1. Return the only residue of Ala80, Ala108 being touching a Gly at 6+ places or on another chain (Cβ under 8 Å) and either open to solvent by 100 Å² or more (accessible area, probe 1.4 Å) or at pLDDT 95 or above (or both).
2. Determine whether region 117-132 contains at least one residue that is in contact (Cβ under 8 Å) with a residue 12 or more places away in the chain, in a helix (DSSP H, G or I) and either over 30 Å from Phe4 (Cβ atoms) or open to solvent by 80 Å² or more (accessible area, probe 1.4 Å) (or both).
3. Within the set of pairs 6+ apart or on separate chains, which have a first residue in region 98-111 that is outside any helix (DSSP H, G or I), a second that is open to solvent by less than 100 Å² (accessible area, probe 1.4 Å) and aliphatic (A, V, I, L, M), and C-beta atoms under 8 Å apart?
4. Give region 59-77 a look and list any residue that's among the hydrophobic types (A, V, I, L, M, F, W, C) and open to solvent by 30 Å² or more (accessible area, probe 1.4 Å), or say none.
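The values are calculated or read from the model by the stated rules, or taken from the named source; none is laboratory data. Keep in mind that this is a model prediction, so the values were computed, not measured. Please note: Cβ atoms are built from the backbone with ideal geometry, for glycine as well, and neighbour counts cover all protein chains shown. Note: accessible area is taken over every heavy atom of the protein model, side chains too, but ligands, DNA and RNA are not part of it. Shrake-Rupley method; radii C 1.70, N 1.55, O 1.52, S 1.80 Å.
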Amino acid sequence: MRDFAIVTKIEGQTIEAVSLISNACINCEDSLCAKQGKTFMAINKKNLPVQENSVVRIEVSRISRGIQGVFSLLFPILSAVAGYIFAPEISIKYGVELTENFMALCVAAAFSVSSLLVLIISRSSLHFSLPEITQVL
């Protein structure tokens, strides 16, 4: 994530900011035409001279982006494999005949549920690390 935001509150190294939504003006440097989005917290690790109402560029760390990418890719795949492995136990528990169709259904269900979980987590306000301020404009 690499976006612009307006600083609304400063508390030490942690700031509260409002994201600027400017998809229509990608090459435009004028931040006045952008719409304001959701409020979020960010951190000023580089101790940049930030003031309230400053426009800043924020980024999520590369490590955090890598972990998120690996989780969002591997978790559904590993869940689908688990659905295949546990299909015989599920068929015994529920008294269903173990067929290839049932195994495919278990794989698809495990993959779908885990993908939905990744989607819900990625859209929620649950974050494991705060984005960083990289530039003051």
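1. Ala108
2. Yes - at least one qualifying residue is present in region 117-132.
3. Filtered contacts from region 98-111: Leu98/Ala87.
4. Across region 59-77, the qualifying residues are Ile63, Ile67, Val70, Phe71, Leu73, Leu74, Phe75, Ile77.
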